[in-house]
Each structure stands twice: as C-alpha cells, then as structure tokens.
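To start, the structure under review is shown below, and the notes come after it.
The values are calculated or read from the model by the stated rules, or taken from the named source; none is laboratory data. Remember, it's a predicted structure, so these values are computed and weren't measured experimentally. Glycine gets a Cβ as well: all are built from the backbone with ideal geometry, and neighbour counts include every protein chain shown. Side chains are part of the model used for accessible areas, which takes the heavy atoms of the whole protein and leaves out ligands, DNA and RNA. Shrake-Rupley method; radii C 1.70, N 1.55, O 1.52, S 1.80 Å.
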Amino acid sequence: MTGAKLALTFIGANGSNMKLNYGYINEEVEPTDVRTLAQTIITNGSIFSNPPVSSKSAKLIVTTETDIELNA
C-alpha cells in the first residue's frame with residue numbers, strides 16, 4: 001500500500017519559516033495545482049497569526065507500506 005502527503009513551506013510575515021502538511025494527497029497531483037494551493041494560502045493568509053507572504057518550497061512525499069508476517 002502507498003500513501004502520499006504534501007509538505008509546503010512558506011516565509012511568514014515575521015520572516016520565519018511556516019510549514020503546513022497535508023495528508024492523503026493524490027500521488028499524481030499536478031504541479032500547477034500545488035502552485036495554486038500555495039498562492040491561495042498566501043491570499044487567504046489573514047487566518048494565521050503569522051501570515052505567509054511567499055512560498056518557499058513544496059514536496060510530495062510518497063511512502064510505501066509492506067506487511068511483514070511475524071508468525072511464519
């Protein structure tokens with residue numbers, strides 16, 4: 001089984017890094033959709049105490065699970 005999450009990093013209004021992680025992301029997400037999400041977060045940043053003013057990075061993290069039989 002595989003799973004994916006999206007890790008976004010922004011620069012906050014106070015100059016510090018601000019990180020947001022989203023689980024259960026489609027592994028085949030389009031880069032344009034990630035850019036749109038990042039821009040939307042910046043546009044609506046007033047909901048944060050340290051509003052994001054620019055995007056720094058985005059990473060799609062894909063993990064794979066393998067069950068291991070312990071009573072073999």
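Assorted remarks:
- Verdict on ASN50 being touching a residue at least 24 places away in the same chain (Cβ under 8 Å), open to solvent by 50 Å² or more (accessible area, probe 1.4 Å) and not acidic (Asp, Glu): no
- Inter-residue pairs, beta-carbon under 9 Å, first modelled with pLDDT under 95 and in segment 3-21, second small (Gly, Ala, Ser), 6+ apart: GLY3/GLY23
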